[in-house]
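Following: one structure in structure tokens, then a few remarks.
The values are calculated or read from the model by the stated rules, or taken from the named source; none is laboratory data. In this text the structure is predicted, and so the values were computed from the model without any measurement. All Cβ positions, even for glycine, are placed from backbone atoms using ideal geometry, and neighbour counts span all protein chains on display.
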Amino acid sequence: MTGFAQVRGELGGGNGSAGRSFGPTQSRSQMAFALSLKSVNHRFLDLHFRMPGGNDSLEMQLRRLLKEKMGRGHVEVTLTVERASSDVFSLNREIVGGYIAAFRAAAAAFSVSAEPDLNAVLRIPGALDTTADNADSEVEAAVLAKVGEALERLNQMREEEGRGIARELRERMTHLLEAGRNVQQHRRAVLQNYSERLQSRMQELLGSSIDRERVLQEAALLVDRSDIQEEIVRLETHVRHFLGLLDEGGEIGKKLDFLLQEMNREANTLLSKTSGLAGEALKITEAGLAMKAEIEKAREQVQNLE
């Protein structure tokens, strides 16, 4: 089912980590984020993430939460992070101080007169960090605190669409039951048609040479094809079960899809049993084709339900 939800949050400033000194502001720049969830119809749960780099842990946690709350849909998760001011660089005194001390100790040990190059020192991994690196854990915690609200809004929209789909599916099932009753009305005429064909065929066989086994085979074959009552009963049973699942709610999409496959099978059998017949049987053929059309339309909608 389709839906969209977005939540926003802000992170205030804070002091740096121990062992690090910051610029003149002595604080991190203020940050804001927006988390968007967009869902469109899909047979399975298909998750796609668009997030800033370095958020692998957050992505894994969001993926787990979405799988717990959703069963179907192509879902796009988008996280954007904005900073109110330019990044402030922090100096890691431990790394920089350790490098300079090691450099001078090596120079003294080998009687070399030299001083460390500051440009080279600042290129050492970890010597300089931005406030964005320091705030990763805060962003993760803030987003996880808001994701529940986003999921609730998304599911509210999806549930509203689901109620509309359920109403349409009930209408389809009503049309199927009406078609079944229509077939039932013409069933006796079809049986009479089969009876006449059987008598005609037996007379044809007996008119030349009598072959008892052949007569019995022809009779058994036509009798087997003569009645569509069983298909009508099974079709109505599937429709009642379908409506019962709609009343129960929950994750029923796959169950409904299976029932529609069974209904389609019964409609196909009904059509095959009445093929080649004229008169009232043509009306049953029309009703059977109408059944298949309703079933196909229902299957298109069921793909959108969880």
Leading residue by the ranking (nearest to the chain's Cα centre (by Cα)) among those in region 227-240 that are more than 15 Å from ASN268 (Cα to Cα) and surrounded by fewer than 16 Cβ atoms within 10 Å (Cβ to Cβ)
ARG240
Subset of region 275-291, residues surrounded by fewer than 16 Cβ atoms within 10 Å (Cβ to Cβ), modelled with pLDDT under 80 and part of a helix (DSSP H, G or I), comes to LEU282
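Consider LEU176 carefully, then state whether it is within 46 Å of the chain's Cα centre (by Cα), under 25 Å from LEU47 (Cβ atoms), surrounded by 12 or more Cβ atoms within 10 Å (Cβ to Cβ) and modelled with pLDDT of 80 or more.
no
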If I filter region 67-95 down to residues being under 11 Å from the mean Cα position of the chain (by Cα) and at pLDDT 85 or above, which single residue comes out as farthest from VAL302 (Cα to Cα)?
LYS67
Leading residue by the ranking (modelled with the highest pLDDT) among those in region 222-274 that are more than 16 Å from ARG181 (Cβ to Cβ) and small (Gly, Ala, Ser):
GLY244
